[in-house]
1. Cβ-Cβ below 6 Å, separation at least six or inter-chain, first residue in the range 176-193 and within 16 Å of the ligand (Cβ to nearest atom) and modelled with pLDDT of 95 or more, second outside any helix (DSSP H, G or I) and of a type in the set (Asp, Glu): which pairs?
2. Starting from residues that are within 12 Å of the chain's Cα centre (by Cα) and part of a loop (DSSP other than H, G, I, E, B), keep the ones in the range 29-59 and report whichever is farthest from the ligand (Cβ to nearest atom).
3. Residue check: is Ala223 modelled with pLDDT of 90 or more, not aromatic (Phe, Trp, Tyr) and not in a strand (DSSP E or B)?
4. What number of residues within the range 307-328 are within 16 Å of the ligand (Cβ to nearest atom) and either farther than 20 Å from Gly44 by Cβ or open to solvent by 80 Å² or more (accessible area, probe 1.4 Å) (or both)?
5. Considering every residue within the range 158-179, establish whether at least one is surrounded by fewer than 22 Cβ atoms within 10 Å (Cβ to Cβ), closer than 15 Å to Met147 by Cβ and of a type in the set (Asp, Glu).
6. Restrict the check to the range 119-136 and report whether at least one residue is of a type in the set (Val, Ile, Thr), more than 14 Å from Val83 (Cβ to Cβ) and touching a Leu at 6+ places or on another chain (Cβ under 7 Å).
7. Out of Pro275, Pro293, Pro256, Pro287, report the one residue that is surrounded by fewer than 12 Cβ atoms within 10 Å (Cβ to Cβ) and at pLDDT 85 or above.
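The values are calculated or read from the model by the stated rules, or taken from the named source; none is laboratory data. Small disclaimer: the values here were computed from a predicted structure and weren't measured. Neighbour counts run over all protein chains shown; Cβ positions are idealised from the backbone, glycine included. Only protein heavy atoms, including side chains, enter the accessible area calculation; ligands, DNA and RNA are left aside. Shrake-Rupley method; radii C 1.70, N 1.55, O 1.52, S 1.80 Å.
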Amino acid sequence: MTAAVEVADLVKHYPKSTRNAVDGLSFRVRHGEIFGLLGPNGAGKTTTVGILTTRIVLNGGSATIGGVDVARDPVAARSKVAVVPQRVNLDRSLNARQNLLFHASYHGIGRSERHALATRLMERMGLADKSKARIDDLSGGQAQRLMIARALIHRPEVLFLDEPSTGLDPQARLFVHDRVNDLRSEGVTVVLTTHDMEEAEKLSDRVGVVDHGRMLTVDTPTALIRSLPGSGTIDARLRPNGFDRDKVTGLLSDIPGVRRVEAPGGSTALEGVSPETELRLYVDGEPGSLLGPIAAKLHDNDITVSDLSLGSASLEDVFIELTGRDLR
Ligand SMILES: Nc1ncnc2c1ncn2[C@@H]1O[C@H](COP(=O)(O)OP(=O)(O)OP(=O)(O)O)[C@@H](O)[C@H]1O
């Protein structure tokens, strides 16, 4: 069976650039799958999506949508895809509903069908009362939902969603997530680019992590998290009683089974006079079995424990492990 998206040894070199933006990238997305395309800034995600949606011309390798080669037959490829960009690109000279109708007629959908589709999609996106609204009068969340409706009007096989919840409030974010899940049940393939690891973990069947124009890994979020060395965690809330951070970190790191110790979110809470601090321990095996040794070590060193709780690593931990901590 052909894949919904197939990218093989893809290369893109922008003129005057010293390196390839996409540098031998390969991956497949199955029909009906929600695929998270992740990577640090400048990794090559937007360029890849640009090639797949025929807006950017590739320099090497191949990219197909439902078996159609985007370079050889861009017109047929375009009928199979839709993009919801991060920035609003709705037509401000048209009202909300007219934006959908115009897009449908561009894709050759007949008059009565496009009106019925516009009505249905406006309802589904929670915009039934916004038909006549001017684009400038829509909130960020409403404009985003209208762009999703517009993208769906020609029944694409593959929907590319670029940072779908940037700038949305929690309610709007949940609404968009629910609609993305609806698409899954309808068999629409979704390629989601996002920097929000929680969103990627929640929505994606599989994720691919790209860096420097190459695919580092592709798997389900669960499998990627499990494959991380030290994927169990223990969060410790402590009163260091005069010990500095390096000393406490050293004591805990020496316990067999503890792989590394970090301040959550990179905080440096142990510095200065803060009486309490939090540390996250990444451990091998079953984290529960280490609670005793950790408590004993802290007790032996007169470090007061306020709380020890079990957790597990996240997709963000996987992402950092694969792509490092350096700013791009
Ligand atoms: N039009 C362009 N001309 C020259 N270089 C470009 C152009 N567009 C992107 N690049 C470069 O290509 C590389 C990949 O960029 P791209 O925008 O595809 O990355 P990205 O993964 O989408 O990043 P972000 O997460 O920041 O959106 C970067 O080094 C970028 O500077």
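1. Filtered contacts from the range 176-193: Thr193/Asp162.
2. Filtering the range 29-59 for residues within 12 Å of the chain's Cα centre (by Cα) gives 34-40, 45.
So of that shortlist, the ones also part of a loop (DSSP other than H, G, I, E, B) come out as 39-40.
Values: Gly39: 5, Pro40: 7 Å.
That would be Pro40.
3. yes
4. Adding up the residues that qualify gives 4.
5. Yes, some residue in the range 158-179 is surrounded by fewer than 22 Cβ atoms within 10 Å (Cβ to Cβ), closer than 15 Å to Met147 by Cβ and of a type in the set (Asp, Glu).
6. Among the residues of the range 119-136, at least one is of a type in the set (Val, Ile, Thr), more than 14 Å from Val83 (Cβ to Cβ) and touching a Leu at 6+ places or on another chain (Cβ under 7 Å), which makes the answer yes.
7. Values: Pro275 fails: at pLDDT 85 or above; Pro293 fails: surrounded by fewer than 12 Cβ atoms within 10 Å (Cβ to Cβ); Pro287 fails: surrounded by fewer than 12 Cβ atoms within 10 Å (Cβ to Cβ).
Answer to the selection: Pro256.
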